[in-house]
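S.K.: One structure is given below, represented as structure tokens, and several questions about it will come after.
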Amino acid sequence: MQEQQLQLKQSSDELQRQNKELELSKIELNKKAEDLEQSIRNFISNSLKFTHKGYIKFIIEAFQNNIKISVQDTSIGIAKNKQKLIFQAFRQADGSTSRKYGGTGLGLSITKEFVSLLKGEIQIDSKENEGSTFSIVVPNIYTNNRKINKNSITISSLDTIN
């Protein structure tokens, strides 16, 4: 009888420990989702700020091990020699005192930190006066080793911005 009670107590303790781990995992997952959402907001905000005509597209691609989330636009673009600079805190492509666009220069540096915490990477493809594509590539934690075909969808597109 005592042995059964001891086993029952151990089982109960183990269930409580697993429940606490699950709750911590949920909190961590929610925080990661918030960080990812903020990063995407930063990309979209920049696209809206720097795109005067053309389009802004939000694209999600699912791969076997990764998810790629991109914001593509026909913005003013960023010179190749400025593309690493914009991820530094308080730095912008136009660092002059008379620059046309506002902002603190923190959005992309914060995004870089968030994506790093998610064990992901940021990719940029930009040409001056043609546009930019900013992408976040993060591990796909939702597949549970299931096979995923490469899919690409455009969630939203702002066509013809004047």
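S.K.: Once you have the Cα-Cα distance between Leu117 and Leu15, take 0.36 nm times their residue separation minus that, and quote the gain in nm to one decimal.
M.R.: Full-extension gain reported as 33.8 nm.
S.K.: On to the next question. For Gln7 and Asn66, calculate 0.36 nm times their separation in residues minus their Cα-Cα distance, and state this gained length in nm to one decimal.
M.R.: 17.0 nm
S.K.: Order 36-46, 124-134, 70-80 from most to least packed using the mean count of other Cβ atoms within 10 Å.
M.R.: For the peptides 36-46, 124-134, 70-80, the packing ranking is 70-80, 36-46, 124-134.
S.K.: Using a cut-off of 13 Å between beta-carbons, work out the net charge of the residues near Ser47 (Lys and Arg +1, Asp and Glu -1, Ser47 not included).
M.R.: The answer is +3.
S.K.: Could you tell me which of the pairs Lys31/Lys53; Lys82/Lys112; Lys31/Lys127; Lys57/Lys127; Lys31/Lys80; Lys32/Lys127 are separated by over 25 angstrom between their Cα atoms in the structure shown?
M.R.: Going by Cα-Cα distance, Lys31/Lys53; Lys31/Lys127; Lys31/Lys80; Lys32/Lys127 fall outside the 25 Å limit.
Read-outs throughout are calculated quantities, based only on the coordinates presented, and are distinct from any laboratory measurement. Everything numeric here is computed off the predicted structure, so don't read it as measured data. Note that each Cβ is placed from the backbone with ideal geometry, even for glycine, and that neighbours are counted across all protein chains shown.
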